[in-house]
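A short write-up of the structure that comes next.
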Amino acid sequence: MTPRAPSRSERAARAEDRGRAAEDAAASALIAAGWAVLARRLRTTAGEIDIIVERDGLLAFIEVKARASLAEAALALAPRQRRRLLAAAEIVLAEHPGWGRAGVRFDVIVVDRGGRLRRISDAFRAEE
């Protein structure tokens, strides 16, 4: 008998689990590097921000991408998602005017199937 292919909801649940595990690994790496986690999975009307961290007044909005390889993950952040993240960051900064005294940047942390991760600091800017 041929095994049954996973249903759409089963695939979505697995993807959700992989995404949460990648975000957990990213948050742990950030904490180990001296960053304070201010928020995780913060929902705004513009969209969700995976992780917000701060170190020495520098605020970083982190988007986590998990794919089979680091290269695939690095290519996974589409222009539409960047715009969503920028809009969500504007909302957060308006709600927390004391955040980001030393600056704000947008980082991407990519995670592969084996759990390896890489951080792309200052991955994009509002002007792009």
Checklist outcome for this item: Within region 11-28, residues among the charged types (D, E, K, R) and in contact (Cβ under 8 Å) with a residue 24 or more places away in the chain come out as Arg18, Glu23
Checklist entry - Quick check: anything in region 58-81 under 18 Å from Ile120 (Cα atoms) and among the polar types (S, T, N, Q)? => result yes
Next on the checklist: Being under 21 Å from Ile120 (Cα atoms) and surrounded by fewer than 19 Cβ atoms within 10 Å (Cβ to Cβ) is the requirement here; does Ala26 meet it?
Outcome noted: no
Next on the checklist: Return the pair list, or none, for Cβ contacts closer than 6 Å from residues in region 106-128 that are modelled with pLDDT under 90 and part of a loop (DSSP other than H, G, I, E, B) to residues that are buried (at least 16 other Cβ atoms within 10 Å of the Cβ) and not charged (D, E, K, R), at least 6 apart or on different chains.
Outcome noted: Ala126/Leu86
Next on the checklist: Among the residues of region 53-71, what is the count of those that are in contact with a helix residue (DSSP H, G or I) (Cβ under 7 Å, 6 or more places away or on another chain) and among the hydrophobic types (A, V, I, L, M, F, W, C)?
Outcome noted: 5
Item to check | region 89-116, subset farther than 20 Å from Arg55 by Cα and not acidic (Asp, Glu), residue nearest to the chain's Cα centre (by Cα) | outcome: Val110
Checklist entry - If you check Val92, Val64, Val108, Val104, which single one turns out to be in contact with a Phe, Trp or Tyr (Cβ under 9 Å, 6 or more places away or on another chain), aliphatic (A, V, I, L, M) and within 14 Å of Glu23 (Cα to Cα)? => result Val108
Checklist entry - Does Arg8 qualify as being over 17 Å from Glu90 (Cβ atoms), of a type in the set (Lys, Arg), touching a residue at least 12 places away in the same chain (Cβ under 8 Å) and surrounded by fewer than 18 Cβ atoms within 10 Å (Cβ to Cβ)? => result no
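The values are calculated or read from the model by the stated rules, or taken from the named source; none is laboratory data. Here the structure is a predicted model, which means the values were calculated and not measured. Reconstructed Cβ throughout: ideal geometry from the backbone, glycine too, with neighbour counts over all protein chains shown.
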